[in-house]
Amino acid sequence: MVVFNVVVLGAGGVGKSALTARYVRNEFRENYDPTIEENYTRSVVVDGVQSQLEILDTAGAEQFTSINEVYIQAALGFVLAFSLTQEASLREIDSLRQQIYRIKGDDTIPIVVVGTKADLANEREVQRATISSLANKWNHPFYETSAKRDWHVNEVFDEITRQMRARYPQGKREFKSRHKKKGPCIIM
């Protein structure tokens, strides 16, 4: 089975962990608990082809910029998440996208852009016209999702899987996590 690693990036509080948990465990977390780094693995069948996804859910992009560079170097695909209720989080996505291009040295990297919290229609700040314009300009697929309602979450990960499979038929390279387990901690 071919293994692909994907990194979920975006500003803090936009719903990266909720999106990932909904996809991997089919659960929704009501309370916000800031993430530093969480790894998930899920076997998937997309278009009749079985693959394994290793998904790295990261901290808010503004918090750990240098760590994000390590993740970007190692990853094959990216889910860039912003909140439909926070226009500023969309600007963060453009910065991350450009950082990915700079680090990878290529603008044909598998990327899916995700607007989260689509269920909060009354709080929406990012208009569909803005998203449509950016989708054409950036040439990446955009999805509006709701982890709470389970709207379009699977489609996001199916799309990034298709892109990675087309671009990297042999699969992944290893993540270089900062948190290596080396045995018990001994205090003297």
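The values are calculated or read from the model by the stated rules, or taken from the named source; none is laboratory data. This one's a predicted model, so the numbers in the text were calculated from it and none came from an experiment. In this analysis, Cβ positions are derived from the backbone assuming ideal geometry, glycine residues included, and neighbour counts consider all displayed protein chains.
Side notes on the structure shown:
- Only a single criterion out of (1) modelled with pLDDT of 90 or more; (2) over 26 Å from Asp150 (Cβ atoms) is not satisfied by Pro110, namely (2).
- Set Thr116, Thr108, Thr85: member being exposed (fewer than 14 other Cβ atoms within 10 Å of the Cβ) and among the hydroxyl-bearing types (Ser, Thr, Tyr): Thr108
- Exclusive hit being at pLDDT below 95, of a type in the set (A, V, I, L, M) and in contact with a Phe, Trp or Tyr (Cβ under 7 Å, 6 or more places away or on another chain), set Ala147, Ala129, Ala135: Ala135
- Test: residue in the stretch 35-54 that is within 14 Å of Thr145 (Cα to Cα), surrounded by 21 or more Cβ atoms within 10 Å (Cβ to Cβ) and modelled with pLDDT of 95 or more: no
- Some residue of the stretch 125-147 being in contact (Cβ under 8 Å) with a residue 40 or more places away in the chain and among the basic types (Lys, Arg): no
- For first residues located in the stretch 11-34 and at positive phi and modelled with pLDDT of 90 or more, partners that are among the charged types (D, E, K, R) and not in a helix (DSSP H, G or I) and lie 6+ apart or on another chain with Cβ distances below 7 Å form the pairs Gly15/Lys117.
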